[in-house]
Amino acid sequence: MAETLLIAICGAATYLWRGLGVMLSGRIRTDSAVFVWVGCVAWAMIGGLTVRILLMPAGILAETSLPDRMIAAAVALLVFFVLSRRNLFFGVGSGFVAMIVLSLLQRI
Amino acid sequence: MSSGYRLGAHEALGTPAAVLAAGYVGYGALSADIGLSVWSTLLSTIVIWALPGQLILVEMSSSGAPLIAILLAVSFSAVRFLPMTVSLLPALRAPAHGRGKEYFAAHLIAMTGWVAAMRRAPDLPEVERLPYFVGFALALWLVSIAATGAGYLIAGTLPPVSKSAFVFMNPLYFLLIMLGDARTRLMVMSLAGGAIFGPLFHLLAPQWSVLAGGLIGGSVAFALHRIASRNG
């Protein structure tokens, strides 16, 4: 119950930013310094979260090894940027397949 | 039904939906693994609709972080929706659509739909732009809710190897979409700032790492950019 309440509040807090965006849109300049800074913090949070999950994951991902995660991420980056002209499906898919293959190799 | 809705839904139900669905299958499995109920897990996709925020919620809950820290971290991770909404809405706005529709559409704003609408809206007739975005994002939202439930339900039957690979698709997806969308030097610097300070703060205080790493990393990138543009 507490868990459901927490999620509902988190949802409301997330919507707050979206709703505030509707209120401010058209009235506020998107090129002002505060907006640039807020954007920087948002990107840094997502960048930090993503890299942290890749380097130091919690939960089930912690069962995979760091070299496996790095190799699979490198495969995905290579396929996405070089081999598939930024096709997200092939990029993410190749990382998925690489992770399965690497995990199976660990067991041999 | 306006053709904008159909066009948006049609374009969403290909690679964008497939990639997001895979990520949400992983998220559902992760949430099951950590012990959240299936209803809470579905509710999180319905009301938060932002995979990074949801991952923060689930991972912080599993590490026993204080509720206020979870709430702060999730809402701070959603701050990006403010500038995203402010910049997207003028591209979708038409006199025919009221403010109510905009408040509804705002809930559907997330990375994939935002990128697609920013790119496609200028090509469409003004009156079809908001319907295009709603069609696109609503289709993604519904597919993701279904994928969350599917991931949760099959978590127990998935072999451990494929379960971790599904979960692995979440950070992988963000890595690609972030790097693929990082067009400006400021974006790249902010990402790098977060990539350095986020993990660093994680070593010091795991429950505050997203918040502190983002604030410090983003501010450093912002300051460096200001200094560089003043001198350059």
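Within segment B:57-77, take every residue that is at the interface with another protein chain (Cβ under 7 Å from one of its Cβ atoms) and modelled with pLDDT under 85 and give me the one that is surrounded by the fewest Cβ atoms within 10 Å (Cβ to Cβ). Among those residues, the one meeting the criterion is B:SER63.
The combined condition, being in contact with a helix residue (DSSP H, G or I) (Cβ under 8 Å, 6 or more places away or on another chain), within 21 Å of B:ASP181 (Cβ to Cβ), in a helix (DSSP H, G or I) and not aromatic (Phe, Trp, Tyr), is not fulfilled by A:LEU102. For segment B:200-221, state whether one or more residues are farther than 25 Å from A:MET99 by Cα, more than 8 Å from chain A (Cβ to nearest Cβ) and in contact with a Pro (Cβ under 9 Å, 6 or more places away or on another chain). Yes, segment B:200-221 has at least one match.
Among the conditions (1) part of a helix (DSSP H, G or I); (2) surrounded by fewer than 21 Cβ atoms within 10 Å (Cβ to Cβ), A:ARG86 misses just one, which is (1).
Within segment A:80-103, the set of residues being more than 19 Å from the chain's Cα centre (by Cα) and closer than 15 Å to A:PRO67 by Cβ comprises A:VAL101, A:LEU102, A:SER103. A:LEU77 falls short on exactly one of the conditions (1) facing chain B (nearest Cβ under 7 Å); (2) in a helix (DSSP H, G or I); (3) free of Cβ contacts under 8 Å to residues at least 24 places away in the same chain, and that condition is (1).
Tell me which residues, restricted to segment B:137-161, are of a type outside the set (A, V, I, L, M) and either in contact with a strand residue (DSSP E or B) (Cβ under 7 Å, 6 or more places away or on another chain) or without any contact (Cβ under 8 Å) to a residue 40 or more places away in the chain (or both). Within segment B:137-161, B:THR157, B:PRO159, B:PRO160 qualify.
For the structure I just gave you, tell me whether B:ALA65 is of a type outside the set (Ser, Thr, Tyr), within 18 Å of A:PRO57 (Cα to Cα), touching a helix residue (DSSP H, G or I) at 6+ places or on another chain (Cβ under 6 Å) and assigned by TED's automatic domain parsing to the domain that holds B:ALA9. Working first, answer last.
Numbers: of a type outside the set (Ser, Thr, Tyr): yes; within 18 Å of A:PRO57 (Cα to Cα): yes; touching a helix residue (DSSP H, G or I) at 6+ places or on another chain (Cβ under 6 Å): yes; assigned by TED's automatic domain parsing to the domain that holds B:ALA9: yes.
Considered against the rule, which asks whether it is of a type outside the set (Ser, Thr, Tyr), within 18 Å of A:PRO57 (Cα to Cα), touching a helix residue (DSSP H, G or I) at 6+ places or on another chain (Cβ under 6 Å) and assigned by TED's automatic domain parsing to the domain that holds B:ALA9, B:ALA65 comes out as yes.
State whether one or more residues within segment B:101-111 are more than 9 Å from chain A (Cβ to nearest Cβ), crowded, with 23+ Cβ neighbours inside 10 Å and part of a helix (DSSP H, G or I). No, segment B:101-111 contains no residue that is more than 9 Å from chain A (Cβ to nearest Cβ), crowded, with 23+ Cβ neighbours inside 10 Å and part of a helix (DSSP H, G or I). In the condition set (1) under 21 Å from A:PHE96 (Cα atoms); (2) crowded, with 23+ Cβ neighbours inside 10 Å, B:VAL143 is compliant with all but (2).
The values are calculated or read from the model by the stated rules, or taken from the named source; none is laboratory data. All figures in this text were calculated on a predicted structure; none of them were measured in a lab. Don't worry about glycine lacking a Cβ; one is built from the backbone with ideal geometry, like all the others, and counts go over all protein chains shown.
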